[in-house]
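Have a look at the structure below, then the notes.
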């Protein structure tokens, strides 16, 4: 299966935002803030979440989405929550399980073979 690198995830998010918001890709960096810098509204952010869910197989709650303020944070989320074997360094950023070991997060993602 495909494993995604940080650069690949960032490139997809940047391309999506540039297209959706009609801005140049060169103005979008990891520290770029969705609302403050790109003036993205809730519909723009919803379509980004849908794109991430469809492309990388991650599941993002409304509460999780509300905590993601920058492009880099969106990349971090994908890398930490992509299904094992389907991307993002085998799950977590450090190669460990997706969700960073915080209780309840892994079950929300719904990875096969998980234990409660």
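Bear in mind these aren't lab numbers, they're just calculated from the coordinates by the rules spelled out. All figures in this text were calculated on a predicted structure; none of them were measured in a lab. In this analysis, Cβ positions are derived from the backbone assuming ideal geometry, glycine residues included, and neighbour counts consider all displayed protein chains.
The distance between label points at residue 42 and residue 6 comes to 3.3 nm (points 7 Å beyond Cα on the Cα→Cβ vector). All C-alpha to C-alpha distances of the range 1-85, sorted into 10 Å bins beginning at zero, yield P(r) values of 18, 58, 23, 2 percent in whole numbers. The protection proxy used here, the mean number of other Cβ atoms lying within 10 Å of each residue, ranks peptides 5-13, 62-70 as follows, highest first: 5-13, 62-70. Modelled label positions at residue 15 and residue 51, each set 7 Å beyond Cα in the direction of Cβ, lie 1.0 nm from each other.
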